[in-house]
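> Here it is, the structure, as structure tokens.
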Amino acid sequence: MRIHQLTCNIGAELSGVNLADAIHDDGLFLELRSLLVRHKVLFLRDQNFSRAEHVAFAERFGALEDHPVAGSDPEHPGLVRIYKQPDQPVDRYENAWHTDATWREAPPFGCVLRCIECPPVGGDTLWANMALAYEMLPKHIKEQIADLRARHSIEASFGAAMAMDKRLALKAQYPDAEHPVVRTHPESGEKVLFVNAFTTHFSNYHTPDRVRFGQDANPGAADLLRYLVSQAYIPEYQVRWRWQPYSVAIWDNRSTQHYAVMDYPPCHRKMERAGIIGDKPY
């Protein structure tokens, strides 16, 4: 296996390896897991394995989750088909910087995403290193957010375009989750900035230390959250991947955000993703 680092801060492309071999090769799998924690996103080309092998490889990291909106392949539970067709209306829920499913009490550990079909140009995906984003924050901001917690909502994101009854039913099934604004990575020990497009507000901002009068609470919290979410936009923290058929990206959802670039209408792209159940952030 050859390892080619793609940027100074995030991402490595692997060659000379078949991910399907890691289903049964413990040594190879452990090396891949170690590289994932280190580089945060791993990329591979020419991974022509079956859907069953896709699921089996992802399950080596842990049990797979189902998505309440996107659903799973009926023959391969846990494998989400993200298919964009030219005759479909353009939906843009992917093209925002986000960490997958932080509206869950236990967001995903990570994902294994494979391209089946893609446009000849366009449709790239970007990832950002949110451990570095935290590390580079000014000291006074780190002090300000050290004890902050925030709410993450599926209702305000996936549910926003639904009819009210369906939106409220979705919220009842998945109430807003509350997570620390700064989480600790359970394997690397890194501090990670953990707010994104699913984050709606801070839960414990309105305290005497931060708010003189009630009028301070809303603009002060909103401006701070907007600033923190914008850290993913900094190019020095990012890597960009151009898809080809049977390319794969594996990312650590605990320490990254990603953005699917929607620059290829009429839409024509088929992706298949296996999301691995994670643990509760602390």
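> Jot down the per residue volume, in cubic angstrom and as a whole number, of the convex hull over the alpha-carbon atoms of the range 40-109.
Dividing the Cα hull volume of the range 40-109 by its residues yields 151 Å³.
> Taking Rh as the Kirkwood radius computed over C-alpha pairs, what is the Stokes-Einstein D of the chain at 25 °C in a medium of viscosity 0.890 mPa s, expressed in µm² per second?
125 µm²/s
> Another question, then. Find the Rg to Rh ratio for the range 113-258, where Rh is the Kirkwood radius over alpha-carbon pairs and Rg uses the same atoms.
Numbers: Rg = 17.7 Å, Rh = 17.3 Å.
My calculation puts Rg/Rh at 1.02.
> Something else about it: Would you please give the FRET efficiency between TYR246 and ARG212, computed as 1/(1 + (r/R0)^6) with r the Cβ-Cβ distance and R0 = 51 Å, to the nearest 0.05?
0.35
> Same structure again: Dipole size in debye (nearest 20) for the chain around its Cα centre, Lys and Arg Cβ +1, Asp and Glu Cβ -1?
For the chain, the charge dipole is close to 520 debye.
> Let me ask something else. Between the range 32-93 and the range 112-145, how far is it from one alpha carbon centroid to the other, in angstrom?
18 Å
> Now for a separate question. What list do you get for ASP263, ASP209 if you sort them by fewest beta carbons within 10 Å?
Ranked by crowding around the Cβ, least crowded first: ASP209, ASP263.
> Pick from ASP25, ASP124, ASP252: which is most flexible by mean-square fluctuation in a GNM of the chain where alpha carbon atoms under 10 Å apart are linked?
ASP25
> Also, quick follow-up: Near ARG273, within a Cβ-to-Cβ distance under 14 Å, what is the net charge of the other residues, with Lys and Arg +1 and Asp and Glu -1?
Computed value for this residue: -1.
> Hey, another quick one. Gaussian network model of the chain, Cα springs within a sub-10 Å range: biggest mean-square fluctuation belongs to which of GLU13, GLU187, GLU117?
The residue that fluctuates most here is GLU187.
> Let me ask you something else. Add -39500 (n - 2.57) for each DSSP H run of 4 or more in the chain, then divide by its residues: what number comes out at 222 nm, to the nearest 500 deg cm²/dmol?
Calculated at 222 nm, the ellipticity per residue is -6500 deg cm²/dmol.
> In which sequence would TRP97, TRP251 go, from the one with the fewest C-beta neighbours within 10 Å to the one with the most?
By the 10 Å Cβ count, ascending, the order reads TRP97, TRP251.
> Between ILE141, ILE116, ILE250, which gets the highest mean-square fluctuation from a Gaussian network model of the chain, Cα cutoff 10 Å?
Result: ILE141 has the largest fluctuation of those listed.
> Additional query: Can you classify the range 1-139 as rounded, prolate or oblate using the Cα gyration tensor, where a ≥ b ≥ c are the square roots of its eigenvalues, rounded means a/c under 1.5, and otherwise it's prolate if a/b beats b/c and oblate if not?
Note, shape of the range 1-139 comes out rounded.
Values quoted throughout were computed directly from the atomic coordinates according to the rules given, and no laboratory measurement underlies them. Just so you know, these numbers come straight off a predicted model, no measurement behind them. Counting neighbours? That spans all protein chains shown, and the Cβs are built from the backbone with ideal geometry, glycine included.
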